[in-house]
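Below is one structure, written out as structure tokens, with a few remarks after it.
The values are calculated or read from the model by the stated rules, or taken from the named source; none is laboratory data. Keep in mind it's a predicted model, so treat the numbers as computed, not measured. Neighbour counts run over all protein chains shown; Cβ positions are idealised from the backbone, glycine included. Note: areas computed on protein heavy atoms with side chains; ligands, DNA, RNA excluded. Shrake-Rupley method; radii C 1.70, N 1.55, O 1.52, S 1.80 Å.
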Amino acid sequence: MKKATLRATYKQKRNALTLDDVDDLSLQIANALLQLDIWDKSFYHIFLSIEEQKEINTDFILNILSGKDKNIVISKSDFNTYEMTHFLLTDATIIKKNHYNIPEPVDGIAIPSEKIDVVFVPLLAFDKQGHRVGYGKGFYDKFLSQCNPETLKIGLSFFEAETQIEDTFESDVTLDYCVTPKTIYRFNCSL
């Protein structure tokens, strides 16, 4: 299938989930992440969930990261340049929703992309080759291309992999893993 079709299909599938489904599936994903050998790193980038879009509830992963005393990095999006600025999440961080309902830090301690070790990547759909479909603005492709080649890119999905996304580009950055409630997919990585 093509990205536009997948985008529409998976938005619909996500909309059909109840809030209890979202929480249950999100907890299963967080528990599955504990099986990965990724917890010896320092800087972990995570997205803050857009509840209105029924995105994965990342609170469970935030709790794991806090419990392991990791540096948590969150982003602010610039819809003029389609770039993100990254900030360290601290007790003093003020979070506000932007006009797209994305929870974002107001400001804080800036963290360069190259310093981030692990990125938990939001997505609508993905395929068995590690390609992903997001909302189509290119924020994450731009951000992930600025990270170190060793940075682990971990997609999080309520749903299983598609066989193949037909219209991928060379500039699309592939995932190293994608974690669903039932499966851990591994791509391009030896871990």
- Enumerate the pairs (first residue in the stretch 24-49 and more than 20 Å from Leu123 (Cα to Cα); second residue anywhere and open to solvent by less than 10 Å² (accessible area, probe 1.4 Å) and in a loop (DSSP other than H, G, I, E, B)) with beta-carbon separation below 8 Å, excluding pairs fewer than 6 apart on the same chain, so at least 6 apart or on different chains. Phe43/Ile116
- Task: Could you check, for the stretch 84-94, whether at least one of its residues is of a type in the set (Asp, Glu) and under 20 Å from the mean Cα position of the chain (by Cα)?
- Result: no
- Hey, which of the strands (runs of 3 or more DSSP E) in the stretch 70-111, taking only ones fully inside, have at least 2 residues that are open to solvent by less than 30 Å² (accessible area, probe 1.4 Å) and touching a helix residue (DSSP H, G or I) at 6+ places or on another chain (Cβ under 8 Å)? 71-78, 83-88
- Considering residues that are in a strand (DSSP E or B) and open to solvent by 10 Å² or more (accessible area, probe 1.4 Å), the number found within the stretch 119-144 is 1
- Message: Taking the condition of being open to solvent by 70 Å² or more (accessible area, probe 1.4 Å) and free of Cβ contacts under 8 Å to residues at least 12 places away in the same chain, how many residues in the stretch 6-17 meet it?
- Response: 2
- Message: Can you pull out every residue in the stretch 19-68 that is buried (at least 19 other Cβ atoms within 10 Å of the Cβ), within 17 Å of Ile184 (Cβ to Cβ) and polar (S, T, N, Q)?
- Response: Ser26
- Query: Name the residues in the stretch 1-35 that are outside any helix (DSSP H, G or I), under 21 Å from Glu162 (Cα atoms) and not hydrophobic (A, V, I, L, M, F, W, C), would you?
  - Reply: Lys2
- Run down Tyr140, Tyr135, Tyr100 and say which single residue is touching a strand residue (DSSP E or B) at 6+ places or on another chain (Cβ under 7 Å) and of a type in the set (Phe, Trp, Tyr). Tyr140
- Filter the stretch 145-159 for residues that are more than 25 Å from Pro181 (Cβ to Cβ) and of a type outside the set (S, T, N, Q); which is most open to solvent (accessible area, probe 1.4 Å)? Glu150
